[in-house]
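Asks: Below is one structure. I have some questions about it.
The values are calculated or read from the model by the stated rules, or taken from the named source; none is laboratory data. Nothing here was measured: the structure is a model prediction, and the numbers come from that model. Here Cβ is always computed from backbone atoms with ideal geometry, including for glycine, and neighbour counts include all displayed protein chains.
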Amino acid sequence: MTELDDEIVQEFLVESHENLDQLDRDLVALEREPASRELLGSVFRTIHTIKGTSGFLALHQLESVSHVGENLLSRLRDGVLTLDTERAAALLDLVDAVRAILGCLETTGAEGTHDLAELTARLASLLEPDAAGAAAPVSAVAAAAAVAAAVVAAPGAATEAASPASAAPPEAALPIQPEHELLGEILLEHGTVSPSSVEAALLEQQVAGDERPIGEILVDHGAVSEKQVSEALETQSEGRRSVADSTIRVDVDLLDALMRQVGELVLTRNQVVSQAATLRDTNLLRAAQRLNLIASELQEGVMKTRMQPIGNVWAKLPRIVRDLGVACNRQVRLEMEGAETELDKTLLEAVKDPLTHLVRNAVDHGIETAEDRLAAGKPAEGVLTLRAFHESGQVNIEIRDDGQGIDPARVGAKALERGLVTRDQLAVMSTPEIVNMIFLPGFSTAAAVTNVSGRGVGMDVVRTNIEKIGGTVDVASVPGRGSTIRIKIPLTLAIIPAVTFQCAGERYAIPQVALVELVSLDAEEAQKGIEWVSEAPVYRLRGRLLPLVYLDAVLGLSAEDGTRQPRESLSLVVLQADGRQFGLVVDRVLDSEEIVVKPLGRQLKGIGIYSGATITGDGAVALILDVLNVGLQSGVLSASRDRAFTDASVVAAVEERESLLLVGVGEDRRMSIPLGMVTRLEEFAVSAIERVGSREVVQYRGQILPLVRLASHLGNYSDPDRERVQVVVHAEGGRSVGLLVEAIHDITEESVTGRSDLDSTGLLGSAIVDNRVTEMLDVRSAVLAADPNFFRNAPVEQPAFEMSGAYS
Amino acid sequence: MSSTTTTMNQFSTFRVADQLFGVDVGRVQEVIRYQPMTPVPMARPAVAGLINLRGQVVTAVDLRVQLGLPPRAEGELPLNVVVRTGEEAVSLLVDSIGDVVDTTGDLFEAPPETVSGPARELISGAYKLEGKLLLALDVDRAVDVDRTS
């Protein structure tokens, strides 16, 4: 093959791959909207283009198979046939066959041998059924000719022919102008002319040898007005220009180089502008401002050249969802919002695989079968929504399904089974935290390994890939209602929005994407607000315990321990990494700005806590922190979650805030009881306690109040020497029980709770309240210990009690 | 050694703690005056910081640390000899800059016995110039901050 040919083949491949994606999308859309002339026209043109070019390049297999498809499509487009599932499936198979041949061509340089007889025959047979009645005699003859042409490459002279219902064979000889939409077609699409008039005009052209253009013939026949023809001609030339003349293909490397240079220009601009501001030269200042403006516009323009709509990646998804839906017996409707949202090509490539994986997951694990959905009172057809939008310099992508959601209990059980968490850790985790464990390495929720997923590529790979490009991913789920996965990625890698701050006299930057919020503390707040839990600093942020990391300690510039002197004032940069939050303690937050990321030299590669450097407006170098590694190296994101410290952070993640009664149990245990479960606090003389069988009771307000000694309930022995006992009365549905404690300490609001029914020791977990470890009492189990029948007749007020059957 | 007698070498020279060093001019990108540096906490001791070289971030390696010499006196600012290693540029911090010196192979000798310690590993040899000794620096070793020193 000559070099020229080679180049043409490469062009053809690139173009065809794009076209095939478009085909997949159109065909799936067509199944829903079988009558859409627009879609059918688009599909027809694509196949027509492939057929034409393959004929030109002497790719005979490709030509013949696309030819039969084209015949079918032309008849569908003209309404002679209707698109049913069978035809749609055959056409999708055709797309696959074309793709296979192209793949072969790309790797080996030749078509290879493909068994296309069955597909060709199938496509040809689908031309038949409702052909007889609908078409004119000319069409019927041409249809037969088309079938014949499927096997032999189409002959025919090159004439300026329009494409009516069945004039397929002559068309095959017009391969070089594929984008050139034929005038007859345009007029048909405009609805200004009937297919039969076009056919008549074409017959005149071809049979009678009339050499006038088709438009003229049609006007002559009185089928259209001259104005309509001129409009159609305009459409035709526009179409040609938009495809052929107004776009060029550019090597991505060239754009990369351009991008780098613009990055340099932006930095130089920053320096010039800041220097000019210090001088009192009006002319210089004006020039600097102009430079500022132009550089910004140039930067934006160059960034735009690398931007591509996310729809390019989404294009493959309708086909995947359709095939997967069929394979898994799911009815899924794919909805896309914001397909025009643009992001950098490199990033687009990087999110392609994670996105595909998430979509497959949603169909396979998220959406239920039609029967299950109907049984759950939902429509049989599940909806999978892809949504993309720009927000604060980032691209947000959401994958939402209305399926079964993620069951936190199942995720928790699986994480336990896999040894990803301990029972104690799990007990204090919030639901969102539990659900987000699906991103941990070694986790897969698929109960059964299907051929769709469960191939070892898990959600952890998705997260790793997203984080590699500076993005984040998290999941929210409502059991029974569905799940939403949110991906946030930067617009581009070279220039990122960042926040800069000062620590120990130097400037550092952190990518905005990792930033959750900024908290500024004055001297007093800094002294009081930061507490130390077993030598680990924490801060109470709206009732949650936020583990802190002193940046100067991470950087080895000061010691991190409880003896640290509180500083004048400081700032907390609340960051999110690895699905968890922590606060970075810095001296002062400076600014939020766009920075150009510069790579670090080999000498600094091993440190890990820096992801690069940037040059600030005054020409100094500032280091960019790698948030994930800062978290890991400082221990707040320890992979094994084995530090007590991390447990505190786990507890801290729960947003819930409620009043708690703090009581003393046994010798020195401190326990919290939600105030909402406390009806009254009472004090009884020990002598008033009576025994009924093995139980202790007191007479109380004319009733018998069953008692449970919390200390013995929880495995401690209480002090028998007291004269009076403290009792927390819990009443519900006309029944009361008394929980006997050693001391009533306090009522606090400053707390944090984790709710879980997974712990069997009578506790829900533990939290840090007022700097002391406080156990959270499982009130229900304590109540049941006093009165096993307590919840029997109680009205079911709280869903948490619906498991009471298990105790009866 | 006789085979190298005719080879001419050009060295860019500089001084560190009163010793004359030279680097093959082909490896030197440029020589610039003192530049403000951004320190890099947690980096190896020889990494003095990062400088902004016309928009490029370049690591500065202090040759005094690499050679195991005492630090510069207070207020004495180092100069940058920017060398190319592989694909990237690295700045070597030196005390003062000398001329470009032409040498021939017949003046070359293995590192003299008097040079000891870390310095011995960093120099490939010495050129006996008139009245002075030029120590030829091995650039690739000089920028390797992970050497045990």
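Asks: Within the stretch B:79-149, which strands (runs of 3 or more DSSP E) (wholly inside it) include 1 or more residues that are among the basic types (Lys, Arg)?
Replies: Numbers: elements: B:79-85, B:88-94, B:96-104, B:123-129, B:132-137.
Because the criterion is at least 1 residues that are among the basic types (Lys, Arg), the strands (runs of 3 or more DSSP E) in the stretch B:79-149 that meet it are B:79-85, B:123-129, B:132-137.
Asks: Could you please give the count of residues in the stretch B:54-71 that are part of a loop (DSSP other than H, G, I, E, B) and more than 11 Å from chain A (Cβ to nearest Cβ)? Full working, then the answer.
Replies: Filtering the stretch B:54-71 down to residues part of a loop (DSSP other than H, G, I, E, B) leaves B:54-55, B:67-71.
Within this subset, residues satisfying the condition of being more than 11 Å from chain A (Cβ to nearest Cβ) are B:67-71.
Residues meeting the conditions: 5.
Asks: One residue is enough: does the stretch A:675-697 have a residue meeting the conditions exposed (fewer than 13 other Cβ atoms within 10 Å of the Cβ) and in a loop (DSSP other than H, G, I, E, B)?
Replies: yes
Asks: Restrict the check to the stretch B:108-131 and report whether at least one residue is within 14 Å of another protein chain (Cβ to nearest Cβ) and more than 13 Å from the chain's Cα centre (by Cα).
Replies: In the first step, residues of the stretch B:108-131 are kept if they are within 14 Å of another protein chain (Cβ to nearest Cβ); the result is none.
No, every residue in the stretch B:108-131 fails to be within 14 Å of another protein chain (Cβ to nearest Cβ) and more than 13 Å from the chain's Cα centre (by Cα).
Asks: If I ask for residues that are assigned to a helix (DSSP H, G or I), free of Cβ contacts under 8 Å to residues at least 24 places away in the same chain and surrounded by fewer than 17 Cβ atoms within 10 Å (Cβ to Cβ), which ones from the stretch A:273-284 would you list? I'd like the intermediate steps shown before the answer.
Replies: Initial filter on the stretch A:273-284 (assigned to a helix (DSSP H, G or I)): A:273-278, A:282-284.
Still in the running and free of Cβ contacts under 8 Å to residues at least 24 places away in the same chain: A:275-278, A:282-284.
If the condition is that a residue be assigned to a helix (DSSP H, G or I), free of Cβ contacts under 8 Å to residues at least 24 places away in the same chain and surrounded by fewer than 17 Cβ atoms within 10 Å (Cβ to Cβ), then A:Gln275, A:Ala277, A:Thr278, A:Thr282, A:Asn283, A:Leu284 are the ones that fit.
Asks: Name the residue that is nearest to A:Val395 (Cα to Cα), counting only residues in the stretch A:285-342 that are β-branched (Val, Ile, Thr) and in contact (Cβ under 8 Å) with a residue 40 or more places away in the chain. Step through it out loud before you land on a result.
Replies: Initially, the stretch A:285-342 is screened for residues β-branched (Val, Ile, Thr), giving A:294, A:302, A:305, A:310, A:313, A:320-321, A:326, A:332, A:341.
Retained after the next criterion (residues that are in contact (Cβ under 8 Å) with a residue 40 or more places away in the chain): A:302, A:305, A:310, A:313, A:320-321, A:332, A:341.
On the way: A:Val302: 18, A:Thr305: 17, A:Ile310: 10, A:Val313: 14, A:Ile320: 23, A:Val321: 23, A:Val332: 25, A:Thr341: 8 Å.
Among those residues, the one meeting the criterion is A:Thr341.
Asks: Something else: Hey, can you tell me all the residues within the stretch A:251-266 that are away from chain B (no Cβ under 11 Å) and in a helix (DSSP H, G or I)?
Replies: Restricting attention to the stretch A:251-266, the residues satisfying the condition of being away from chain B (no Cβ under 11 Å) are A:251-259, A:262.
If the condition is that a residue be away from chain B (no Cβ under 11 Å) and in a helix (DSSP H, G or I), then A:Val252, A:Asp253, A:Leu254, A:Leu255, A:Asp256, A:Ala257, A:Leu258, A:Met259, A:Val262 are the ones that fit.
Asks: Would a scan of the stretch A:283-296 turn up a residue that is at pLDDT below 85, polar (S, T, N, Q) and within 34 Å of the chain's Cα centre (by Cα)?
Replies: Looking for residues that are at pLDDT below 85, polar (S, T, N, Q) and within 34 Å of the chain's Cα centre (by Cα), one finds at least one in the stretch A:283-296, hence yes.
Asks: For the stretch B:25-40, which positions are over 16 Å from B:Thr85 (Cα atoms) and away from chain A (no Cβ under 11 Å)?
Replies: Of all residues in the stretch B:25-40, those over 16 Å from B:Thr85 (Cα atoms) come to B:32-40.
Matches in the stretch B:25-40: B:Ile32, B:Arg33, B:Tyr34.
Asks: Do any residues in the stretch B:72-85 that are more than 14 Å from chain A (Cβ to nearest Cβ) and under 25 Å from B:Asp24 (Cβ atoms) have Cβ atoms under 6 Å from those of residues that are of a type in the set (Val, Ile, Thr) and not in a loop (DSSP other than H, G, I, E, B), where the two are at least six apart or on different chains, and which pairs are they?
Replies: If the second residue must be of a type in the set (Val, Ile, Thr) and not in a loop (DSSP other than H, G, I, E, B), the pairs left are B:Leu79/B:Val94; B:Leu79/B:Ile97; B:Val81/B:Val31; B:Val81/B:Val94.
Asks: Out of A:Thr107, A:Thr113, report the one residue that is assigned to a helix (DSSP H, G or I), in the same structural domain as A:Asn19 (by TED's automatic domain parsing) and among the hydroxyl-bearing types (Ser, Thr, Tyr).
Replies: Values: A:Thr113 fails: assigned to a helix (DSSP H, G or I).
One residue alone meets the criteria, A:Thr107.
Asks: Of all residues in the stretch A:602-613, how many are farther than 19 Å from A:Arg507 by Cβ, assigned to a loop (DSSP other than H, G, I, E, B) and either facing chain B (nearest Cβ under 8 Å) or touching a Phe, Trp or Tyr at 6+ places or on another chain (Cβ under 9 Å) (or both)? Steps first, please.
Replies: At the first step, the residues of the stretch A:602-613 found to be farther than 19 Å from A:Arg507 by Cβ are A:602-603, A:605-606, A:608.
Checking which are assigned to a loop (DSSP other than H, G, I, E, B) leaves us with A:605-606, A:608.
Still in the list and also either facing chain B (nearest Cβ under 8 Å) or touching a Phe, Trp or Tyr at 6+ places or on another chain (Cβ under 9 Å) (or both): A:606.
Residues in the stretch A:602-613 being farther than 19 Å from A:Arg507 by Cβ, assigned to a loop (DSSP other than H, G, I, E, B) and either facing chain B (nearest Cβ under 8 Å) or touching a Phe, Trp or Tyr at 6+ places or on another chain (Cβ under 9 Å) (or both): 1 in total.
Asks: So is B:Ala43 within 14 Å of chain A (Cβ to nearest Cβ), surrounded by 15 or more Cβ atoms within 10 Å (Cβ to Cβ), in a strand (DSSP E or B) and modelled with pLDDT of 90 or more or not?
Replies: On the way: within 14 Å of chain A (Cβ to nearest Cβ): yes; surrounded by 15 or more Cβ atoms within 10 Å (Cβ to Cβ): yes; in a strand (DSSP E or B): no; modelled with pLDDT of 90 or more: yes.
No; evaluated as a whole, the condition is false for this residue.
Asks: Take A:Ser592 and tell me if it is outside any loop (DSSP other than H, G, I, E, B), among the small types (Gly, Ala, Ser) and within 14 Å of chain B (Cβ to nearest Cβ).
Replies: Details: outside any loop (DSSP other than H, G, I, E, B): yes; among the small types (Gly, Ala, Ser): yes; within 14 Å of chain B (Cβ to nearest Cβ): no.
Spelling it out, it is not the case that A:Ser592 is outside any loop (DSSP other than H, G, I, E, B), among the small types (Gly, Ala, Ser) and within 14 Å of chain B (Cβ to nearest Cβ).
Asks: So which residues in the stretch A:344-353 are touching a Ser or Thr at 6+ places or on another chain (Cβ under 9 Å) and either closer than 13 Å to A:Ile466 by Cβ or at pLDDT 90 or above (or both)?
Replies: Listed by number, the list holds a single entry, A:Leu347.
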